[in-house]
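One structure is given below, encoded as structure tokens.
The values are calculated or read from the model by the stated rules, or taken from the named source; none is laboratory data. For clarity, every value in this text was computed on a predicted model and none was experimentally measured. Counting neighbours? That spans all protein chains shown, and the Cβs are built from the backbone with ideal geometry, glycine included.
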Amino acid sequence: MKSFKQHLDAAKILAVTQGSWQGAQDILLDNVCEAAEANPGSIVFCEQERLVEAIKASPAGLIITNTLLAPVFSGRSLLIVDKPYFSFMSIVAMWLELENGSEIFSIHATAVIDPSARFEGEVSIGAFSVIGANTTLGKGVRIGSGCRIAENVSIGAGSRIHDNVCIYGETVIGKRCELHSGVVLGADGFGYLVVAGEQKKIPQVGKVVLDDDVEIGANSTIDRATLGSTVIGTGTKIDNLVQIGHNCLIGKHSVLCAQVGLAGSTTVGDYVYLAGQVGAAGHITIGSRSLVGAQSGIAGNLPENGKYFGTPAMEANLTKRIYVAQKHLPEMLREYQKRLKESKHD
Amino acid sequence: MKSFKQHLDAAKILAVTQGSWQGAQDILLDNVCEAAEANPGSIVFCEQERLVEAIKASPAGLIITNTLLAPVFSGRSLLIVDKPYFSFMSIVAMWLELENGSEIFSIHATAVIDPSARFEGEVSIGAFSVIGANTTLGKGVRIGSGCRIAENVSIGAGSRIHDNVCIYGETVIGKRCELHSGVVLGADGFGYLVVAGEQKKIPQVGKVVLDDDVEIGANSTIDRATLGSTVIGTGTKIDNLVQIGHNCLIGKHSVLCAQVGLAGSTTVGDYVYLAGQVGAAGHITIGSRSLVGAQSGIAGNLPENGKYFGTPAMEANLTKRIYVAQKHLPEMLREYQKRLKESKHD
Amino acid sequence: MKSFKQHLDAAKILAVTQGSWQGAQDILLDNVCEAAEANPGSIVFCEQERLVEAIKASPAGLIITNTLLAPVFSGRSLLIVDKPYFSFMSIVAMWLELENGSEIFSIHATAVIDPSARFEGEVSIGAFSVIGANTTLGKGVRIGSGCRIAENVSIGAGSRIHDNVCIYGETVIGKRCELHSGVVLGADGFGYLVVAGEQKKIPQVGKVVLDDDVEIGANSTIDRATLGSTVIGTGTKIDNLVQIGHNCLIGKHSVLCAQVGLAGSTTVGDYVYLAGQVGAAGHITIGSRSLVGAQSGIAGNLPENGKYFGTPAMEANLTKRIYVAQKHLPEMLREYQKRLKESKHD
């Protein structure tokens, strides 16, 4: 159950959804949850028949459902909409924003802030966070506890940095970005040359740039460029434990699921979807709007708009047919070896 | 070498093992180690012949061995048992518990604890840790340095949270759990919808629930549910760098090795074993007591009690036979193409 | 752009490179960058024709190039060398060392340092870091903010520990090592035995040892040995999000790319290269100077000097030929099944 400090009534709810109201309107709602946890202050939703009984049995104050299912909930307060899950989530999103909007900005007394750091409006900084020299925080930036923001970093207005995030020097973060706990931005790219039998480090003096509205999941790592910038484009969303190598260029509104790994200098287009644990070689281009299936290994360029899958990643349907066919491979081998033997005896 | 502050003598050792003692009993032991590091205060064990010479040459004070190998160590203090490694480890476990039991609880002066946080007995909290509003710590909870425990969290008696762990709001942790450094519990699940060309975030307002005796390895991440709970069952052990997506339900006494990744809403039964780097698609069920080989990609439901392997994960023996057969695939292709050409010429 | 506090002139640059100077020598340089960002204080390099126009158009103060390309930059200050990229990077490395050398050592007032900790010369310790009992820091060690260095740890001279690194007790770190943010060294190895239906933990009382010149990427984890040591050899470089299980022994000057995972007791030789997302089973040996392709699954011993690839990892060329052949597998299956049917009808 997610409880909110601010209560919603029917009027506020109708203001953010296109639905029609049925039943009593004199209710005050203060939480969202699944049926099993519901109380009279709860909003729940129902768009699947298998959930009807549980929701009927619950004391939830408001049920968001569709015209098809509405009759089974007669006598209850209902919000009837086309897409119950979507409307439910829109209400939750609005509610969360309301709460955030009323959040008081504050800088914890223990934070260590370099005198040259600059704030462009009210910001929050949690306990034990460190803000380095010449770093700029935009209006409304919220930084959690235990964050390490090094020198010459810029964080755009409205961005939220959760706890224990480490941001190396020179990193540029756009507006309304969200970095979850444990993220590391700007650690050295991974480059060495063997000189006289030893791994000699190639200095990494570029930076990391996140455009606006980027979200990065817990414990993900994005390395600084060797020279120039590693760039994550506007609106791109990155899940937990993802690795982005130095000098990668990722486009807009792309989605990288958990544990994806991109080697250095990989270029990813816009609206690309990389499923979990996908790996990509360096110095290749993954075309815009391509979808790549889980655990795929991308070894070369992928044209735009395609669906890809497998290791090496190829047209997804081909990989699926290979997966079907490979189950017969042991018997095909047996047959092949039998024939081979026969032909030798001929 | 692991040294202990409390010394063990023959009586204490015999009290926790079923073995028989041979040789001098007037020894005082204060460490466990491998043969190369041993001194007269050391306990070592020997159940493999290849280690006999090194152990004979060492000054170790006590050798735990079996009846078969005991004669080669004549003249030494021996503890003779059926399973030397197991008995050795039982002694170490008992010794560690002795040390922990004598640990003094303390709350570091720098910790920032919300006045509404509640402790149900003695607890330890390390330097620079933050405990949020309405959070409850059970009796004997030990929290390391630099931890961020948000609001409305509950941590059961006897749990141990190592350093720099981040726990988001509303998380519920059972008794005797152990979270290693860098773990992040309760970050937002990864869900977006493209609306008007932009990735629109689906709010994530559920929580994470760990039942009793769960252990989670360093830098692993477990996301909060969209609604409801992401649940890890009693006694389940999770290794380092593992990713558990939102709304996953994991059963009891299962083992998830390093770098495993579960997409959202994956259900895992009891006594399941997922080897390293296994990935599982979302909205599927992995049956109880199933074993899944390393790097497997689980694309659909897996029945209980099976052994599975490969991408896509299937019956392990079939994958093993495919792996054997695929080595012949290039020559099978050559033969196939030769025949194809011949038949065209016919 | 990477700016430096100390300026370089022609004499200082010529002192570290073998090149010849052309054009004006009376320049003062204070940064390195790509052409697009250059100003009169910039050093850029050019060894590819496709970059010539951008560099010509830029106001960069010094261009490092080769004899072939030098004529197109006539009238500019040039450093002409055999390998422009290498010389450029050598200058950057020297410049970074100059800056580091002038760095003032300081211990932040908020750091919590056990009175028994010992410093063998000047060291830096950042805000909110914790140094445990009996821990030793060598001369010139630099520790960032929010680090947790437990008891009985030893860190060799010149090592650099970035922010929020966690080092468990007894860990030994050599000279000139570099650990990036979020690294966890020495968490418990992952070992359990099912006893009476429950996962019983095998105590992990060994340690982690890093030899000299080891670098470890952000959020990587290296577990302590069950007994004895998990060892990373001199000069070995480990990328981000890598997992090294308990009791692994890694040789010298090896390279482990991002998201590699080694199960327990894996032995890796010298000069081994493991590409991204490679996994290795435990209790096996990966021979010196072997190269293993991305996402490979190493299931058994790999002889020295080989190139390996695939799951299971085998001779790389064989895997490449299998990858080519598998594209034909669906049609081979069709043909096989057709023949099977025909032979039944015969």
Report summary line: Filter the range A:1-25 for residues that are part of a loop (DSSP other than H, G, I, E, B) and of a type in the set (A, V, I, L, M); the one that is surrounded by the fewest Cβ atoms within 10 Å (Cβ to Cβ) is A:24
Query raised in the report: Restricted to the range A:139-159, and to residues that are within 13 Å of another protein chain (Cβ to nearest Cβ) and surrounded by fewer than 19 Cβ atoms within 10 Å (Cβ to Cβ), which residue is farthest from residue C:165 (Cα to Cα)?
Result: A:152
Query - Selection from the range A:221-237 of residues that are crowded, with 21+ Cβ neighbours inside 10 Å and either charged (D, E, K, R) or more than 13 Å from chain C (Cβ to nearest Cβ) (or both) - result: A:223, A:224, A:232, A:233, A:235, A:236, A:237
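Working carefully through the options A:158, A:186, find the one that is in a strand (DSSP E or B), modelled with pLDDT of 95 or more and not basic (Lys, Arg).
Numbers: A:158 fails: in a strand (DSSP E or B).
Criteria check complete, one pass: A:186.
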Requested in this report: Examine the range A:250-258 for a residue that is assigned to a loop (DSSP other than H, G, I, E, B), closer than 19 Å to residue A:320 by Cα and not hydrophobic (A, V, I, L, M, F, W, C), and state whether such a residue exists.
Outcome: no
**Report entry** Any chance residue B:215 is crowded, with 21+ Cβ neighbours inside 10 Å, among the charged types (D, E, K, R) and within 22 Å of the chain's Cα centre (by Cα)
**Finding:** yes
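Every residue, every condition in (1) closer than 23 Å to residue C:202 by Cα; (2) of a type in the set (Ser, Thr, Tyr); (3) out of contact with any helix residue (DSSP H, G or I) (no Cβ under 9 Å at 6 or more places or on another chain), yes or no:
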position	(1), (2), (3)
B:29	yes, no, no
B:38	yes, no, no
B:41	yes, no, yes
B:59	no, no, yes
Requested in this report: Would you check if there is a residue in the range C:54-66 being within 27 Å of the chain's Cα centre (by Cα), modelled with pLDDT of 95 or more and under 21 Å from residue A:228 (Cβ atoms)?
Outcome: yes
Requested in this report: Sort out which residues of the range B:179-206 are within 8 Å of chain A (Cβ to nearest Cβ) and out of contact with any helix residue (DSSP H, G or I) (no Cβ under 9 Å at 6 or more places or on another chain), and write them in order of number.
Outcome: B:182, B:184, B:187, B:188, B:190, B:192, B:194, B:197, B:198, B:199, B:206
Report summary line: Among C:69, C:28, the single one that is touching a His at 6+ places or on another chain (Cβ under 9 Å), more than 12 Å from chain A (Cβ to nearest Cβ) and either surrounded by fewer than 21 Cβ atoms within 10 Å (Cβ to Cβ) or on the phi > 0 side of the Ramachandran plot (or both) is C:28
Requested in this report: Output the residues belonging to the range A:88-134 that are within 10 Å of chain B (Cβ to nearest Cβ) and under 23 Å from residue C:147 (Cα atoms).
Outcome: A:108, A:109, A:110, A:126, A:127, A:128
Report task. Determine whether the range A:85-96 contains at least one residue that is outside any helix (DSSP H, G or I) and surrounded by 20 or more Cβ atoms within 10 Å (Cβ to Cβ). Result -> no
Query raised in the report: Among the residues of the range A:303-318, is any at the interface with another protein chain (Cβ under 9 Å from one of its Cβ atoms) and assigned to a helix (DSSP H, G or I)?
Result: yes
Query raised in the report: Do we find that residue C:160 is touching an Asp or Glu at 6+ places or on another chain (Cβ under 8 Å), in contact (Cβ under 8 Å) with a residue 12 or more places away in the chain, on the phi > 0 side of the Ramachandran plot and of a type in the set (D, E, K, R) in this structure?
Result: no
Report summary line: Filter the range A:246-256 for residues that are of a type outside the set (S, T, N, Q) and more than 7 Å from every other protein chain (Cβ to nearest Cβ); the one that is farthest from residue A:191 (Cα to Cα) is A:252
**Report entry** Selected residue (only one of B:277, B:337 is under 20 Å from residue C:319 (Cα atoms) and either part of a loop (DSSP other than H, G, I, E, B) or away from chain A (no Cβ under 12 Å) (or both))
**Finding:** B:337
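Considering only the range B:232-249, state which residues are in a strand (DSSP E or B) and within 16 Å of the chain's Cα centre (by Cα).
Within the range B:232-249, B:232, B:237, B:238, B:243, B:244 qualify.
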Query raised in the report: Inside the range B:290-333, can you point out the residues that are crowded, with 22+ Cβ neighbours inside 10 Å, of a type in the set (A, V, I, L, M) and either over 27 Å from the mean Cα position of the chain (by Cα) or outside the structural domain of residue B:275 (by TED's automatic domain parsing) (or both)?
Result: B:329, B:332
Query raised in the report: Within the group C:316, C:294, C:299, C:281, which residue is in contact with a Leu (Cβ under 8 Å, 6 or more places away or on another chain) and among the hydrophobic types (A, V, I, L, M, F, W, C)?
Result: C:316
